[in-house]
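Asker: Just passing along the structure, written as C-alpha cells.
The values are calculated or read from the model by the stated rules, or taken from the named source; none is laboratory data. Note that the structure is predicted; figures quoted are calculated from it, not measured. Note that each Cβ is placed from the backbone with ideal geometry, even for glycine, and that neighbours are counted across all protein chains shown.
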Amino acid sequence: MNTQKLINTALNGLDSIGYRLDQYGITGKLNRHNLAAFIMLEQKHLEGEWDSIQAKFDRRRSQFDGLLTAIETRTDPLIRPLISRVNQFRGVSGH
C-alpha cells in the first residue's frame with residue numbers, strides 16, 4: 001500500500017469517527033480539516049520554539065565571545081612580558 005492510499009484511508013477513518021461522534025452529540029469538531037489546522041498550528045508553534053532556542057543560543061554565544069575578548073584584552077598586557085621572557089630563555093626572537 002503506498003503512502004497516499006494509507007493517508008487517505010486514515011483521513012477517511014478520521015472523518016467517519018468524527019461523523020459518528022457528531023451523531024451521538026459528543027463533538028462535531030473531529031475531522032480532517034480541524035486535524036490539518038491543528039497540525040499547521042503545532043508546526044508554527046514548534047518553529048517559534050526552535051527560533052527562541054536559537055536566539056538564546058546565539059545570545060549566550062555572543063556573551064561568551066565578549067567575555068573571551070575581554071579576558072584576552074585584559075590578560076594580554078600581563079602575559080606578554082612573561083611570554084617575552086620565556087622566548088628570550090628559549091632563544092626565540094620576539095620580532
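Asker: Looking only at residues that are of a type in the set (Lys, Arg) and modelled with pLDDT under 90 in the range 56-95, which one is surrounded by the fewest Cβ atoms within 10 Å (Cβ to Cβ)? Outline the logic, then answer.
Answerer: Quick first cut of the range 56-95, residues of a type in the set (Lys, Arg) only: 56, 59-61, 74, 80, 85, 90.
Those left that are additionally modelled with pLDDT under 90: 74, 80, 85, 90.
Values: ARG74: 10, ARG80: 11, ARG85: 11, ARG90: 7.
Across the range 56-95, the extreme among qualifying residues is ARG90.
Quick grid of which residues meet (1) surrounded by fewer than 10 Cβ atoms within 10 Å (Cβ to Cβ); (2) assigned to a helix (DSSP H, G or I); (3) at pLDDT 90 or above:
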position: THR9; (1), (2), (3): no, yes, yes
position: ASP15; (1), (2), (3): no, yes, no
position: ARG20; (1), (2), (3): no, yes, no
position: GLY25; (1), (2), (3): yes, no, no
position: GLY28; (1), (2), (3): no, no, no
position: MET40; (1), (2), (3): no, yes, yes
position: GLU47; (1), (2), (3): no, yes, yes
position: GLN54; (1), (2), (3): no, yes, yes
